[in-house]
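Worksheet: the structure to be examined is printed underneath.
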Amino acid sequence: MEDQEYLRLADACLAKVSAWLEDFDSDELDFSVGDGLVTLEFADGTRFIFNRQAAAKQLWLAAGARAWHYKWDATTQTWVDDKDGYELYAQLAKVVSEKLGRSVTL
């Protein structure tokens, strides 16, 4: 994948996640956006980090003691974890759901 294509896909994903996070009550889940980075902060101070890793052409999610590295799968047109095959949006919704104690979808 060319660098520009990676950046276009990664930035579209980061924008989608940021738009999803806007719907949460900021007292429950707040977020901040930087260049290639989305930080989720929960009411108890816990932070999850979702960011672009351009050198590896991946997106990384760190949630608690766990981390996932997602690569673009052109066949399925989605970001997939390079170890266990989890789809990014489903996994992000799962870890946020677990942290909030209620089901959320992305």
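The values are calculated or read from the model by the stated rules, or taken from the named source; none is laboratory data. Quick caveat, the model's predicted, so the values are computed rather than measured. Note that we place each Cβ from the backbone using ideal geometry, even for glycine, and neighbour counts take in every protein chain shown.
A few comments on the model shown:
- Scanning segment 36-44 for residues that are in contact with a strand residue (DSSP E or B) (Cβ under 9 Å, 6 or more places away or on another chain) and of a type in the set (D, E, K, R) turns up at least one hit.
- All positions within segment 1-24 that are part of a helix (DSSP H, G or I) and over 12 Å from LEU106 (Cβ atoms): ASP3, GLN4, GLU5, TYR6, LEU7, ARG8, LEU9, ALA10, ASP11, ALA12, LEU14, ALA15
- Residue within segment 25-32 that is closer than 26 Å to GLY101 by Cβ, assigned to a loop (DSSP other than H, G, I, E, B) and touching a helix residue (DSSP H, G or I) at 6+ places or on another chain (Cβ under 7 Å) present: yes
- Residue that is modelled with the lowest pLDDT, among those in segment 74-106 that are farther than 22 Å from ASP23 by Cα and surrounded by 16 or more Cβ atoms within 10 Å (Cβ to Cβ): TYR86
- Qualifying position, being of a type in the set (Asp, Glu) and closer than 15 Å to LEU9 by Cβ, among ASP35, ASP27, ASP81, ASP73: ASP73
- Residues that are small (Gly, Ala, Ser) and in contact with a helix residue (DSSP H, G or I) (Cβ under 9 Å, 6 or more places away or on another chain) were ranked within segment 60-73; the one that is modelled with the highest pLDDT is ALA63.
- Segment 41-66, subset without any contact (Cβ under 8 Å) to a residue 24 or more places away in the chain, surrounded by 12 or more Cβ atoms within 10 Å (Cβ to Cβ) and not in a strand (DSSP E or B), residue nearest to the chain's Cα centre (by Cα): ALA56
- Hits in segment 67-93 (condition: of a type outside the set (D, E, K, R) and assigned to a loop (DSSP other than H, G, I, E, B)): ALA74, THR75, THR76, GLN77, GLY85, TYR86
- All of (1) touching a residue at least 60 places away in the same chain (Cβ under 8 Å); (2) out of contact with any Leu (no Cβ under 9 Å at 6 or more places or on another chain) hold for MET1 with one exception: (2).
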